[in-house]
Structures are given as C-alpha cells and as structure tokens.
Amino acid sequence: MLLLRKTWSEVPATPNVVHDGVDRVPIGRSLVIDPVVKRALRHLRTVKSRLPSDADPVEFADWRERIAEALDGLGCVLVFEKDRVRAEAEAAAAREQAAEVRRRVETEANKHRLCGWPSRW
C-alpha cells in the first residue's frame, strides 16, 4: 500500500511543535529558531548597531541602557535556561557600565563646578 504524505496545511498545528523543513519536531529539539526569538535577536542587533559615534558619554550610557532592555526582552523568550541566565548577566553588566559612565560624568561635572572650570557636559 502506498502512503501519501499529507500537506502541512492538512496537519493540525500544535503549539509546542515547529516545522523544521522535513517534519514537525518539538521546539526544544528543533534547529528552527522560534519567530519570537528571531524578532528579539533582530531587535538586539538593531540596538547594537546604533552605537553613538561621537564621544558623548551620556549618549553612550543611554545606549547601554537600551542594550540592557533589549537583552531583558531576549531573555524572556529564550528556550534554554543557560541562555536566559547569560542574557540576564549581560543586561546587568550593561546597566552597571551605564551607571559607571554616569557616575564619572557627574564626578567630572562636580569637579569642574568646584574649581570654577567650564564643564564639557
């Protein structure tokens, strides 16, 4: 008996299964990237590409905050725990770097105010 393969439109959709080009497989074992994860990765890539080109430290700190927000969004949709932990750690590091840059800017501005020098910022 010859068995004909059903078209994918005839196969009922299941929420935890994706089509990998050959068969439907569980998302956790698939090499196919979930569209939600793909969107989050694209967003992170877009934010990273907008690195301020000038030497303004405040803009750099704002950019690092946007990176942290994008990493938080990505961490919410990643499948594997190890990846979620890494995204969370990278977001925390980006926030810490932004805070450090802002502290340096504020310290420099205070030093200039105390000495009567004109501030760059």
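The values are calculated or read from the model by the stated rules, or taken from the named source; none is laboratory data. Just so it is clear, the structure is predicted and the values come from calculations on it, not from any experiment. Accessible surface is based on the protein model in full, side chains and every heavy atom, while ligands, DNA and RNA are left aside. Shrake-Rupley method; radii C 1.70, N 1.55, O 1.52, S 1.80 Å.
Stretched out fully, how many nm does the piece from Asp34 to Glu106 gain, at 0.36 nm a residue minus the Cα gap? The span from Asp34 to Glu106 would gain 21.7 nm if fully extended.
To put it simply, the accessible area of the range 33-76 at a 1.4 Å probe is 54 percent carbon and sulfur. When nucleic acids and ligands are ignored and a 1.4 Å probe is applied, Val58 ends up with an accessible area of around 60 Å². Of Lys111, Lys38, Lys82, the residue with the largest accessible area leads and the full order is Lys82, Lys111, Lys38 (1.4 Å probe). With θ taken as phi - 60° and the Karplus curve 6.51 cos²θ - 1.76 cosθ + 1.60 applied, the whole-hertz 3J(HN,Hα) list for the range 51-68 is 4, x, 8, 8, 8, 6, x, 5, 5, 4, 5, 4, 5, 5, 5, 5, 4, 4 Hz, x standing for glycine and proline.
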